[in-house]
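Trainee: This structure is in C-alpha cells; I'll ask about it shortly.
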Amino acid sequence: MGFTDIPLPTHLIAGLEMTATTTGFTTASFDQFVSERSEPAWLSERRRAAYAAFDSTPLPSLRDEEWRRTDIRALKLKLFGLPSIGDRGPVATGLEGLEPLLDSLAERYGHGLATIDSTPARHVGGDLPHGVVFMDLNQAVRDHPELIQRYLLCRAVTGDADAFDMLHAAAWSGGAFLYVPKGVRLEEPLFHLIGMTAASSSDLSHTLVVLEDGAEATLVQETASADRGEQPALHCGAVELFVGQGAKLRFVNIQNWDAQTWHFSRERALVAKDGALQWTVGGLGARLGKVNQEVALTGSGSRAQVNGVVFTTGRQHLAYFTRQDHQADHTTSDLLYKAGLKDHSRLVWKGMIRVEKDAQKTDAYQKNDNLILSDQARGDSIPGLEIEANDVRCTHGATAGRVDEEMIFYAQSRGIDRATAIQLIVEGFFANVYDRITIESVRETLRQAVEAKLRA
C-alpha cells in the first residue's frame with residue numbers, strides 16, 4: 001500500500017518541502033517560532049508561560065534524586081533548536097532512508113501517519129469510521145480546537161515537572177492526535193512513525209490519544225532516524241493517553257533512535273472506570289534516554305498491563321521511571337520490564353506502585369529482570385511501594401544475572417556455536433514478556449530488533 005501526501009494549509013507546505021532548525025533555545029528563536037504558527041490565543045499563551053518557566057529553570061543534575069544515576073552533563077542544548085517554518089534549507093535526501101520503514105508499517109497496519117523532522121509528511125489508508133479523528137496534531141489544533149484545549153498538556157502531562165517538560169510544553173511541534181468517539185471500535189491497528197533525518201537536529205513531537213466511553217483502538221508508534229551520520233540530535237517529547245469508561249486501548253511505543261540522539265519523554269495515561277490499557281514499550285535506540293511513564297487508574301475496576309522490552313549496547317544509557325498510580329477501588333496493574341545489556345551500556349529502572357487510601361481491593365504487580373551480557377554492563381533496579389490503603393495485594397521484584405555458562409556449554413556440546421547459544425538464551429529470557437504482547441507484528445518487530453543488536 002503506498003503513501004499519499006497529506007493536504008496541508010499553505011503555511012505548512014514549506015514544512016514538507018524544507019527543513020532546518022534555528023540554533024539554540026533562545027527567546028528570539030522562540031518568539032519567531034510562536035509567530036510563525038498562527039495558533040489560537042489560548043495555545044500561544046500556554047506556550048509563552050511554559051517557555052518563561054523553562055528559561056528560568058536549570059537542567060536536571062546529579063544532585064536531583066531522580067537524576068543522580070543519569071548524567072547529562074555532556075548534553076549541549078545550544079547545538080539544537082526549534083523547528084522553523086520561515087527559514088529552511090532544501091529537503092534532506094535522508095528522508096528516503098525512512099521509506100522502507102514507512103512501507104513496512106503500511107503493509108502491516110494499513111492506516112497511519114508519518115511525522116518527519118517535526119513536520120507531517122505522509123498519510124496512508126482510507127476512510128475511518130464516522131467521528132474518528134486521526135491526524136497531525138498541528139492540524140488538529142485548527143480543526144478540533146475544543147478537543148485539543150480540553151486535553152492537551154493540562155490533565156495528564158502538565159509540562160511542569162522539569163526543564164525538559166517545560167521546553168516540550170513551550171515548543172512541541174508535530175505529532176499525532178487520535179480521537180475515537182463513544183462506542184466506536186477500530187478493528188485494525190493504526191500506526192504513527194516519528195522520524196528524524198540529516199536535515200534536523202531536534203524533534204519535539206507530541207502524541208495525544210483520547211478514547212471516549214466504550215471505544216476501542218490500537219495505535220503502534222515507532223521512532224527512527226535515517227542518514228544522520230555523527231550529527232547529535234535531541235528528542236524531547238510527550239505522550240498523553242485518555243481511556244474512557246469501559247474503553248480499551250492498546251498502545252505500542254518503540255523507541256529506536258540512532259546512537260547520537262538524546263531522548264527525553266514524559267508519558268502518562270489516565271484510565272477511567274472499567275477501562276483497560278495495554279501499554280508496550282520498546283527501548284532500543286538513543287545515546288541516552290530518560291523516560292517517565294505513568295499509568296493513573298482513576299476509576300473503579302480500571303486495569304493496565306505494561307510491557308517493557310529493552311536492549312542496550314555500546315555506551316548506551318537508558319533510564320525508565322515507571323509509576324502505577326491506583327486512585328480508585330478494585331483496580332489492577334501488571335508491569336513487567338525485561339532488559340538485556342551488552343558492552344559498556346547501562347539501564348536504570350525505578351518503579352513505584354502508589355495506592356491511595358480510597359483504592360481498596362487494589363491488585364498491583366511490578367517486576368524488572370535484567371540479563372547482563374558483559375562484565376562492563378550495569379543494570380540498576382529500584383522497585384518501590386507507597387500504600388495508604390489496608391486491603392490490597394501489591395508485589396514487586398527485580399532480578400539481575402548473567403548468561404549461564406553451563407547452558408552455553410550444553411548447547412555447544414550438541415553442535416550449536418556459542419553466538420547461537422547466547423541468542424537462544426536471550427530469546428528465552430524475553431519469551432514471557434513477548435507472550436504478553438497481543439499484536440503479532442509488534443512481537444516480531446521487537447524480536448528482530450533485539451536479535452540485530454545482539455549480533456552487532
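Trainee: Just rank Asp258, Asp117, Asp358, fewest to most, by other beta-carbon atoms within 10 angstrom. Mind dumping the intermediate values first?
Mentor: Working: Asp258 19, Asp117 30, Asp358 12.
The most exposed by this proxy come first: Asp358, Asp258, Asp117.
Trainee: Could you tally the net charge around Ser35, taking each other residue with its Cβ under 12 Å from the Cβ of Ser35, Lys/Arg +1 and Asp/Glu -1?
Mentor: Numbers: positive: Arg37, Arg47, Arg48; negative: Asp31, Glu36, Glu39.
Net charge around Ser35: 0.
Trainee: Using θ = phi - 60° and the Karplus curve 6.51 cos²θ - 1.76 cosθ + 1.60, what whole-Hz ³J(HN,Hα) does each residue of region 76-82 get, with Gly and Pro shown as x?
Mentor: Values per residue, Gly and Pro as x: 10, 5, 5, 6, 10, x, 8 Hz.
Trainee: Please report how many Lys pairs in the chain have alpha carbons closer than 12 angstrom, counting only residues at least 8 apart along the chain or sitting on separate chains. Write out the running numbers ahead of the final one.
Mentor: Working: Lys182/Lys248; Lys248/Lys273; Lys290/Lys350; Lys338/Lys367; Lys342/Lys453; Lys350/Lys367.
The number of close lysine pairs in the chain is 6.
Trainee: Okay, moving on. Among rounded, prolate and oblate, which fits region 294-408 when a ≥ b ≥ c are the square roots of the eigenvalues of its C-alpha gyration tensor, a/c under 1.5 means rounded, and a/b larger than b/c means prolate?
Mentor: On the way: a/c = 3.06, a/b = 2.51, b/c = 1.22.
Prolate, because a/c is 1.5 or more and a/b exceeds b/c.
Trainee: Excluding Ala411 itself, what net charge comes from residues whose Cβ is under 9 Å from its Cβ, given Lys and Arg +1 and Asp and Glu -1? Please list the in-between numbers first.
Mentor: Working: positive: Arg414, Arg418; negative: Asp417.
Net of charged neighbours comes to +1.
Trainee: Which distance in Å, rounded to a whole number, links the C-alpha centroids of region 120-197 and region 367-404?
Mentor: Rounded to whole Å, the Cα centres lie 33 Å apart.
Trainee: May I pose another question? On each of the three principal axes of the Cα atoms of the chain, give max minus min coordinate, whole Å, ordered largest first.
Mentor: 65, 51, 49
Trainee: Given Val141, Phe177, His235, which one lies farthest toward the positive end of the charge dipole of region 10-298, if we put +1 on the Cβ of every Lys and Arg and -1 on the Cβ of every Asp and Glu?
Mentor: Farthest towards the positive end: His235.
Trainee: Share of antiparallel DSSP beta bridges in the chain, in percent to the nearest 5?
Mentor: Numbers: 15 of 149 bridges.
Taking every DSSP beta bridge with both residues in the chain, the antiparallel ones total about 10 percent.
Trainee: Once fully extended, how much extra length lies between Glu188 and Glu66, figured as 0.36 nm per residue of separation less the alpha-carbon to alpha-carbon distance? Intermediate values should be presented prior to the final figure.
Mentor: Values: separation 122, 0.36 × 122 = 43.92 nm, distance 3.84 nm.
In short, 40.1 nm is gained.
Trainee: Continuing with this model, one more query. Grab the Cα-Cα distance for Glu146 and Leu424, subtract it from 0.36 nm times how many residues apart they are, and report the gain in nm with one decimal.
Mentor: Length gained, Glu146 through Leu424: 94.9 nm.
Trainee: By Kyte-Doolittle mean hydropathy of at least -1.0 and Cα axial length of at least 20 Å, which whole DSSP H helices of the chain are selected? Display every interim value, and only then the final one.
Mentor: Details: long enough: 41-55 (21 Å, -0.53); 418-434 (24 Å, 0.87); 440-455 (23 Å, -0.83).
Those that pass (Cα extent of 20 Å or more, hydropathy at least -1.0) are 41-55, 418-434, 440-455.
Trainee: Between Arg402 and Ala41, what's the calculated FRET efficiency when r is the beta-carbon distance and R0 is 60 Å? Round to 0.05.
Mentor: Details: r = 58 Å, r/R0 = 0.97.
Step by step, r from the Cβ atoms, then E = 0.55.
Trainee: Same structure, new question: Say each of Asp363 and Ser56 gets a label point 7 Å from the Cα, pointing the same way as Cα to Cβ; how far apart are those two points in nm?
Mentor: Rounded to a tenth, the inter-label distance reads 4.8 nm.
Trainee: Still on this structure, please answer the following. Using modelled amide H (1.01 Å from N, peptide plane; none on Pro or chain starts), what sits under 5 Å from the amide H of Thr280, excluding residues fewer than 5 places away?
Mentor: Sorted by chain and number, the residues that satisfy this are Phe251, Val252, Asn253, Asn307.
Trainee: Would you mind putting 36-42, 103-109 in packing order, based on average other-beta-carbon counts within 10 Å, highest first?
Mentor: Averaged packing, sorted descending, gives the order 103-109, 36-42.
Trainee: Just subtract the alpha-carbon distance of Ala161 and Arg393 from 0.36 nm times their residue separation and send over the number in nm, one decimal. Numbers along the way, then the final one.
Mentor: Details: separation 232, 0.36 × 232 = 83.52 nm, distance 2.98 nm.
Extra length from Ala161 to Arg393 when fully extended: 80.5 nm.
Read-outs throughout are calculated quantities, based only on the coordinates presented, and are distinct from any laboratory measurement. Quantities reported herein were computed from a predicted structural model and do not represent experimental measurements. Positions of Cβ are generated from backbone atoms using ideal geometry, with glycine treated the same way; all protein chains shown enter the neighbour counts.
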